[in-house]
Amino acid sequence: PSLHSQRHQFVVDFVRKNKPNKVADLGCGECRLLKRLKFQRNIELLVGVDIDGAKIKKKMQGLAPLSTDYLQPTYDQLHIDLYQGSVTQRDARLRGFDLVTNIELIEHLTLPDLELFSSVVFGYMRPASVIVSTPNSEFNKLLPGLTGFRHSDHKFEWNRSEFRSWALQVCLDYGYEAEFTGVGEAPQEQQESVGFCSQIGVFQRLNVLPDRDEEEVFSYTLVYSVNY
Ligand code: SAM
């Protein structure tokens, strides 16, 4: 399977194991991950957010139920909402989730926007679990012909220790703990020295900080909504 598909499979496996009811995918792009998650029966609310409304709209009809879905007795409890909006801005409709995923998103943010992202996701949305994937720059030497970043829109690509120190600071600031893994393995003898192609942090909320009475802000625009 492609690396892209492996990252999404990582989330699907996490969902199978942890059974979250409310899941949001930030930087959902063309909704490919959401299309895989809608088959997970424990999910009641599935939300996608992307800054690029046109990108969402391209393929979103693929999230509509097929007529045969209505014949399935268990298909009565899924609601899907897609929003155009930026992860640097708060929206009250994104609070109270069990899982928020951010697949190959953070490296597209400038460092000031990354600070805002942390405060929005970990400080305001405060989901029970957060998954963040981003390129591991140590792996780049195994990518033939690559000079510079993997994509021209990337604002940074971190090695494992840079990712870890960012994540651990987020944990300290917002009361989470993190574990590190990844997808896309190097040849066996190099796995340890370069790590995974995509590095992944899995964060769990610790409930050490008191819930703050945050104001209700609505900055995202609903572009699609469907009930199963
Ligand atoms: N997560 C998808 C995936 O796994 O295929 C798409 C990853 S794509 C490399 C990055 C996505 O992040 C793009 O769809 C882009 O429009 C979106 N994005 C970039 N900056 C954003 C922001 N500030 N708020 C929300 N989405 C953003």
Spin-label point model (7 Å from Cα, Cβ direction): what's the H4 to L146 distance in nm? 1.6 nm
Whenever you get a sec, compute what percent of the accessible area on segment 87-228 sits on carbon and sulfur atoms (1.4 Å probe). 49 percent
Amide H of T101: which non-local residues (sequence gap of 5 or more, or other chain) have their own amide H closer than 5 Å, using H built in the peptide plane? A24, D25, L26, I131
Scalar couplings 3J(HN,Hα) for segment 149-156 by Karplus 6.51 cos²θ - 1.76 cosθ + 1.60 (θ = phi - 60°), nearest whole Hz, x for Gly and Pro, are 7, 6, 9, 5, 8, 5, 8, 7
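Can you give me the accessible area per residue for the chain, using a 1.4 Å probe, in Å²?
So the chain comes to 50 Å² accessible per residue, rounded to a whole number.
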Based on the inverse mean of 1/r over its pairs of different Cα atoms, what is the Kirkwood hydrodynamic radius of segment 168-228, in Å? 15.7 Å
Taking the Cβ of V194 as the center, what net charge do the other residues with Cβ under 12 Å away carry, scoring Lys and Arg +1 and Asp and Glu -1? -2
With 0.36 nm assigned to each residue of separation and the Cα-Cα distance removed, E214 to K55 gains 54.2 nm
Volume in Å³ per residue [convex hull over Cα atoms, computed for segment 105-172]: 86 Å³
Give the Cα extents of segment 86-142 along the principal axes, in whole Å, largest first. 42, 24, 14
Positive-end residue of V223, P135, I106, charge dipole of segment 3-227 with Cβ unit charges: V223
Rounded to 10°, Cα long-axis angle of helix 3-18 versus longest principal axis of the chain: 60 degrees
What fraction of the DSSP beta bridges in the chain is antiparallel, stated in percent and rounded to the nearest 5? 50 percent
Quarter of the surface of the C-alpha convex hull for segment 3-227, i.e. direction-averaged projected area in nm², equals 13.3 nm²
Segment 1-116: C-alpha pair distances exceeding 18 Å, %: 52 percent
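The values are calculated or read from the model by the stated rules, or taken from the named source; none is laboratory data. On a predicted model such as this, the values are computed, not experimentally measured, just so you know. Glycine also receives a Cβ, built like all others from the backbone with ideal geometry; neighbour counts cover every protein chain displayed. Heavy atoms of the whole protein, side chains included, go into the accessibility calculation; ligands, DNA and RNA do not. Shrake-Rupley method; radii C 1.70, N 1.55, O 1.52, S 1.80 Å.
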